[in-house]
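S.K.: To start, I am sharing the structure in question, which I have written as structure tokens.
The values are calculated or read from the model by the stated rules, or taken from the named source; none is laboratory data. Predicted model only: the values in this text are computed from it and were never measured. Ideal geometry is used to build each Cβ from the backbone, glycine not excepted, and the neighbour counts take in all protein chains shown. With ligands, DNA and RNA removed, areas are computed over all heavy atoms of the protein, side chains included. Shrake-Rupley method; radii C 1.70, N 1.55, O 1.52, S 1.80 Å.
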Amino acid sequence: MLDGRYIQKVSHYAFAWPLLRAYGVNRTHQWPADLPSLKDILAHANSAMETELFYEPVIDVEKVRRWLGDNVIRTGLIEFPIRKKYTYLALFAVFFTMAMTAFDYSSGGLAESIFLAIGAFSAGSLFALIAPIFWTKKRYLVNENHL
């Protein structure tokens, strides 16, 4: 850790430790209490990466703290206040089932490609609705108790 703000993984700590100790770096056996948890830092590492100040990319702990202070979580579209969201979920599931059934019974050619395209679109839509691929603040969600 540098200046209480930047974190970088030391790849070969067995070789680096004597050098770090010579510069006055103390060994700690517990994660510092004033830092966010390691799980939170790793979860936000991609968005908190600092690449311009140093030769190797480092994680900026202040950016992670800002993300955590905003109560930002990862969620799917199903958690947002969208009207008729369960209708869309059921509709895409039915389209997927019907398209894949028709694809299985089709004899090939253009019809098979169309059924496959409809099934792929429906599967992608279901994935976007359910999978936690979006970062958002908790206040924008339907269920405020969501973790």
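S.K.: Of the options M100, G119, W135, report the single residue whose Cα projects farthest towards the positive end of the charge dipole of region 84-147 (beta-carbon charges: Lys, Arg +1; Asp, Glu -1).
M.R.: W135
S.K.: Sorted by average packing, counted as other Cβ atoms within 10 angstrom per residue and highest first, what order do 77-85, 17-25 take?
M.R.: In decreasing order of mean packing, 77-85, 17-25 become 77-85, 17-25.
S.K.: Taking the C-alpha atoms of region 68-147, how large are the radius of gyration and the largest Cα-Cα span, Dmax, in Å?
M.R.: When restricted to Cα atoms, region 68-147 yields Rg and Dmax of 16.6, 56 Å.
S.K.: Roughly what would the spin-label model give for E112 and T97, points 7 Å off Cα along C-beta, in nm?
M.R.: 2.5 nm
S.K.: Here's something else I'd like to know. Given a 1.4 angstrom probe, I'd like the percentage of the accessible area of region 64-104 that is carbon and sulfur, rounded to a whole number.
M.R.: Carbon and sulfur atoms account for 65 percent of the accessible area of region 64-104.
S.K.: What distance in nm separates the two pseudo spin-label positions at R21 and R83, each 7 Å out from Cα along the beta-carbon direction?
M.R.: For R21 paired with R83, the spin-label model returns 6.8 nm.
S.K.: Which FRET efficiency, nearest 0.05, do A128 and R66 yield, Cβ-Cβ r, R0 25 Å?
M.R.: 0.40
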